[in-house]
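No value in this document is a laboratory result; all are computed from the given coordinates. Computed from a predicted structure; not experimentally measured. With ideal geometry, Cβ positions are generated from the backbone for all residues, glycine too; neighbour counts draw on all protein chains shown.
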Ligand SMILES: Cc1cc2nc3c(=O)[nH]c(=O)nc-3n(C[C@H](O)[C@H](O)[C@H](O)COP(=O)(O)OP(=O)(O)OC[C@H]3O[C@@H](n4cnc5c(N)ncnc54)[C@H](O)[C@@H]3O)c2cc1C
């Protein structure tokens, strides 16, 4: 059985970032992915400037991607079963985000890890994990390997967190369900990024124009998702940008997304660490998970390199979940009156600018609430 220093399960942004940083430090790392790469990933595909800055800080430079559309503004509005309204356009001074195809984006990150010396096994699903003395033994079809460290980056549906006893299955209020489709018959909206709040208690609907197609979808926490399909149909048929008057012929994708800004249980036991979606690291306000996947990949790799994985949980709290708690507060405030929140952003350029700073990676939810709390509440 081959022995590695580190095995990373899952080749999404979290796993690929960790594998690249480890390999660059000459650590013998195996990256295991159950799909054949490049693999599709159900996602809006919005990559914030914050995510790109985190990659740059980890010395990861993306090649030129075929799918990478600059976004210089975003439009915010409200939606429910009665109406869909575009209420505010927020212009960015520079590109605050890009729209990409996750198959291409994620594969570029994996190729970067391979170039730096990580070994990849694709088309191999990890089905069991055992601990023997101080080693982890990973099993897949006709395959087993050992390692001292185990980084679990197998996403929201991954099973390693359950196999290792970190958590049980997600509760219905800890995870969101999204319905998404790709459409080609539409009128390009003035802004590529369009977010609509209000129709769901947690989450929103989106219309992301990627140039040759648009990603359209909506999501909410599982326990409130009974109307989601109807709401999605309504949103698709009534959006002023779609020409589709029926959703019958659309190929629908459904996928889950962590909803609480970090799981409540442990994310590190001994030398096993949970990364990215597996640890619930998604912004509960915007549903953005790519930057936190990258950031947790870097923190995990750095902890392994410095031989201090005992600090992983603390660092994730300091750098990620400590601030996502404030994003949860923002979710609650916006839920009270989504229209009022969007109108505030439309009419008060300092609030809008403060919010965009978070997407840029130049500010935090804590700072945003500190600056705007009174205006948001009164
Ligand atoms: C509909 C939707 C839209 C979204 N839109 C955005 C957006 O626009 N911007 C944004 O920032 N975030 C978005 N997100 C969130 C984002 O997709 C995730 O947060 C991000 O992909 C997390 O990265 P990850 O590396 O942790 O996991 P993933 O990207 O999910 O990667 C996990 C990998 O592990 C593999 N795997 C799973 N089980 C095993 C196994 N047993 N053995 C081997 N491999 C395994 C999977 O095949 C997968 O490749 C969206 C999510 C959804 C559901």
Open item on the list: Test of understanding: ordering 260, 350 by Cβ neighbours within 10 Å, fewest first, what list do you get?
Closed with: 350, 260
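Based on other C-beta atoms within 10 Å, arrange 359, 8 from fewest to most. Provide the component values of the computation, followed by the final result.
Details: 359 24, 8 33.
Exposure proxy ranking, most exposed first: 359, 8.
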- [ ] Round to the nearest 10 and give me the degree value, 0 to 90, for the angle of helix 290-305's Cα axis relative to the longest principal axis of the chain.
- [x] 20 degrees
Open item on the list: Please give the Cα centre distance for region 320-341 versus region 208-281, rounded to the nearest Å.
Closed with: 18 Å
TODO: Can you tell me the 0 to 90 degree angle between the C-alpha axis of helix 13-24 and the longest principal axis of the chain, rounded to 10?
DONE: 40 degrees
- [ ] Report, to the nearest 10°, how far helix 338-347 tilts away from the longest principal axis of the Cα atoms in the chain, using its own Cα long axis and a range of 0 to 90°.
- [x] 80 degrees
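Under the rule of -39500 (n - 2.57) per DSSP H run of 4 or more residues, summed and divided by the residues of the chain, what mean residue ellipticity at 222 nm is obtained, to the nearest 500 deg cm²/dmol? It would help to have the intermediate numbers written out before the result.
Working: 11 runs with 121 residues, N = 378.
About -9500 deg cm²/dmol.
Give me the percent relative contact order of the chain, please, defined on Cα pairs under 8 angstrom at least 6 residues apart. Intermediate results must be reported in sequence, preceding the final value.
Details: 822 pairs, mean separation 79.2, N = 378.
Dividing the mean separation by the residue count of the chain yields 21 percent.
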Open item on the list: Can you order the peptides 81-87, 269-275 by their average number of other Cβ atoms within 10 Å per residue, highest first?
Closed with: 269-275, 81-87
TODO: Can you tell me which of 69-76, 294-301 comes out highest on packing, and rank the rest after it, using the mean Cβ neighbours within 10 Å?
DONE: 294-301, 69-76
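I need 60, 2, 42, 114 ordered by Cβ neighbour count within 10 Å, fewest first. Mind showing how you got there, number by number?
Numbers: 60 23, 2 12, 42 18, 114 15.
Taking fewest neighbouring Cβ atoms as first place, the list is 2, 114, 42, 60.
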